[in-house]
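Since every read-out is calculated from the coordinates, none of them should be taken as a lab result. As the structure is a prediction and not an experimental result, all values here were calculated from the model. Positions of Cβ are generated from backbone atoms using ideal geometry, with glycine treated the same way; all protein chains shown enter the neighbour counts.
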Amino acid sequence: MDIPSWYAQLIKPWWAPPTWLFGPAWTVLYVLIAISFGKVFWMVWKKQLPRMIAVPFVLNLIFNAVFTPIQFGLRSNWLAAVDILLVLGTLIWCMVVIYPRVRWVAYVQIPYLLWVTFATILQLTITYLNW
């Protein structure tokens, strides 16, 4: 896959960040996700939280993981737009279900929420501009 040249050809809004920013941003976010989601999965495994609490966390990981193959492998802006909306929706669901039980896990998701909200707006804009 020649990601940079394909992505560079897309019409993007003036406020789109440079492509080099995505790697460092996601690296930081993945560390926060690993720690916080790991805590949830550990607590579920230890039966300190109901198993159903893990559902939005698992779904979020799945939707997050398939975004890059959809966007850059399939080169499908439409499917990527649907997927990023699912990432955002499951993240909000995660925060809502965990907040009453383990508040710090919800708070740790705030940078992830801010970035995914921005990424969602960006993806929807790119999808529209390249219709």
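For the range 1-61, the Cα-based Rg and Dmax, in that order, read 17.4, 49 Å.
For the chain, the normalised intensity computed at q = 0.18 Å⁻¹ comes to -0.97 (log10 of I(q)/I(0), Debye sum over alpha carbons, equal scatterers, no solvent).
May I ask you to list, by number, the DSSP H helices of the chain whose Cα span along the axis is at least 24 Å and whose average Kyte-Doolittle hydropathy reaches 0.0 or more?
Working: long enough: 22-45 (32 Å, 1.48); 77-98 (31 Å, 2.15); 110-129 (28 Å, 1.50).
Taking the DSSP H segments of the chain (at least 24 Å long, mean hydropathy at least 0.0), we get 22-45, 77-98, 110-129.
Each label was represented as a point 7 Å from its Cα along the Cα-to-Cβ direction; for residue 47 and residue 82 these points are 4.0 nm apart.
By the helix-only formula, in which each DSSP H run with n ≥ 4 contributes -39500 (n - 2.57) and the sum is divided by residues, the chain has a 222 nm mean residue ellipticity of -23500 deg cm²/dmol.
Volume of the convex hull of the range 75-131 (Cα atoms only), normalised per residue: 60 Å³.
Within the chain, what's the longest stretch lacking trypsin sites (Lys or Arg not before Pro) that sit in DSSP loops with no more than 16 other Cβ atoms inside 10 Å?
Details: sites that count: 46, 47, 75, 101.
The segment 1-45 is the longest one with no such site.
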